[in-house]
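None of the figures in this text is laboratory data; all of them are computed from the coordinates on show. Remember, it's a predicted structure, so these values are computed and weren't measured experimentally. Cβ atoms come from the backbone with ideal geometry, glycine included; neighbour counts cover every protein chain shown.
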Amino acid sequence: MALDPLTILFLNCHQAVREIVKEKTGKYPKEYKKIEQEYINKFLTNIPYKGKNYLDFISYMMSSLIVIHGLSNTNHRSTILFTSIILNEIGIKFPSYDSSEEKERWIIECNHFIEGSKKILNDRKKDPKYSERHLEWTKEWLGTVTDHQSISSGMMSFHLLSSLRKIPSSDLFSLSVIK
């Protein structure tokens, strides 16, 4: 099975996050399940984009990747990195400020998102609408950390989605969001 280029980029983001964790802690994050590569690939190959503005598309993509929980660990951090690359390619600064200068602020904001996300996910057995709540939480957070720039005015297109599939994985190591 051939992997969608977005799947390859997402898996490379996961590996980059694992390397960062190892660099900081001396060991890789514990893997508590198998990576569900086929499931991730099916989602990213068939991701709906028609009639969606950037915010709707990115929120759906980000939330869905977290909800499907296809990685062995670091789902949130890997998905945030992946999202930053996609937004960068679209021309939207993520976060809207310089995260290398305001590193503490960025860490706090990411942790806030992750804590809220995990709370929603922990309620999934009791809440049949948890995925909709998660999508709304993600959309609200993305709007905030991008300072709403032009994220809700641009529209996704086949051409733009095709260009996202051409992002070289080497781009992820140059982003300040992972430093």
Item checked: Relative contact order (%) - criterion: Cα under 8 Å, at least six apart; region: the chain -> 34 percent
Next item on the list: Please work out the C-alpha center-to-center distance from segment 1-36 to segment 44-101 and express it in whole Å.
Entry: 15 Å
Next item on the list: Against the globular-protein guess of 2.2 N^0.38 Å, express the Cα radius of gyration of the chain as a ratio, rounded to two decimals.
Entry: 0.98
Checklist line | Shape of segment 15-120, Cα gyration tensor, a/c cut at 1.5 | finding: oblate
Next item on the list: Provide the net charge surrounding GLY70, with neighbours chosen by a C-beta distance below 11 Å and charges set as Lys +1, Arg +1, Asp -1, Glu -1.
Entry: +1
Notebook entry, point to check: Considering only the other residues whose Cβ falls under 15 Å of the Cβ of LEU3, what net charge follows from Lys and Arg at +1 and Asp and Glu at -1?
Noted result: 0
Margin query: With only alpha-carbon pairs counted, each pair once and no self-pairs, how large is the Kirkwood hydrodynamic radius of segment 26-66 in angstroms?
Written below: 12.2 Å
Margin query: Show me the ranking of peptides 123-130, 98-105 by mean Cβ neighbours inside 10 Å, starting with the highest.
Written below: 98-105, 123-130
Note to self: Order 113-120, 64-71, 159-166 from most to least packed using the mean count of other Cβ atoms within 10 Å.
What the structure shows: 64-71, 113-120, 159-166
Next item on the list: Give me the net charge of LYS139's neighbourhood, meaning all other residues with Cβ under 13 Å from the Cβ of LYS139; Lys, Arg count +1, Asp, Glu -1.
Entry: -2
